[in-house]
Amino acid sequence: MTTRIYAHASAAAAILLTAGACHPDLHPRWIGLSTLFTAVLFAWFARRCYAQARLERAVQQRLEWFHREDDEPFVPPAPCCSFWRHTDRQVHGPDCTRPAGARTTLTSEEEAAFAGLAAAFHRAGGAA
Ligand SMILES: [Zn+2]
C-alpha cells in the first residue's frame, strides 16, 4: 500500500515538474532542462514503484490463496480418455471428454507456427 502511495506521489511530481519545465517564462534555459531531467527521474521512480506495488499485490494474493483453509487439496485434472494416455497424447478415444475441436493434433507446420507465436509472446514479456 505504501509503495502505491509513493508511486502516485512520484507520478504527480513528474507531471508537475514537466508542466513547470514547459513554462515559457522560465529563464535561464538550463533551469528548465534540469527540471525536465528531474521529472524524468520521478517518472522512472514512479514506474518502478508501480511495478513493485503490483509484485507486492500478487505476492499478497498468492499468500492469501495459499493460506485459505476452506480449500480442498489440489487435484490435477484427470486425463480426457484412456486412448490419449496410452498413445503418448496422440489419439483420443470415443469416450473422450474434450470438445471435438480440442481433440485434433497439430501438424508440423501448425506446431512451428505455434512455437513462433509462443516465442514472440515470451520475447514481448508475456501477458503483463
Ligand atoms: Zn481424449
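Summary of computed values
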{"item": "Tally, over segment 78-90, of residues that are more than 8 Å from the ligand (Cβ to nearest atom) and at negative phi", "result": "6"}
{"item": "Lone qualifier among 26, 106 - being more than 30 Å from residue 8 (Cα to Cα), part of a loop (DSSP other than H, G, I, E, B) and not charged (D, E, K, R)", "result": "106"}
{"item": "Any hit, segment 41-48, residues being at pLDDT 95 or above, out of contact with any Gly (no Cβ under 9 Å at 6 or more places or on another chain), of a type outside the set (Phe, Trp, Tyr) and more than 14 Å from residue 12 (Cα to Cα)", "result": "yes"}
{"item": "Selection count where residues are surrounded by 15 or more Cβ atoms within 10 Å (Cβ to Cβ) and within 29 Å of residue 57 (Cα to Cα), scope segment 18-47", "result": "6"}
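The values are calculated or read from the model by the stated rules, or taken from the named source; none is laboratory data. Computed from a predicted structure; not experimentally measured. We place every Cβ from the backbone using ideal geometry, glycine too, and count neighbours over all the protein chains shown.
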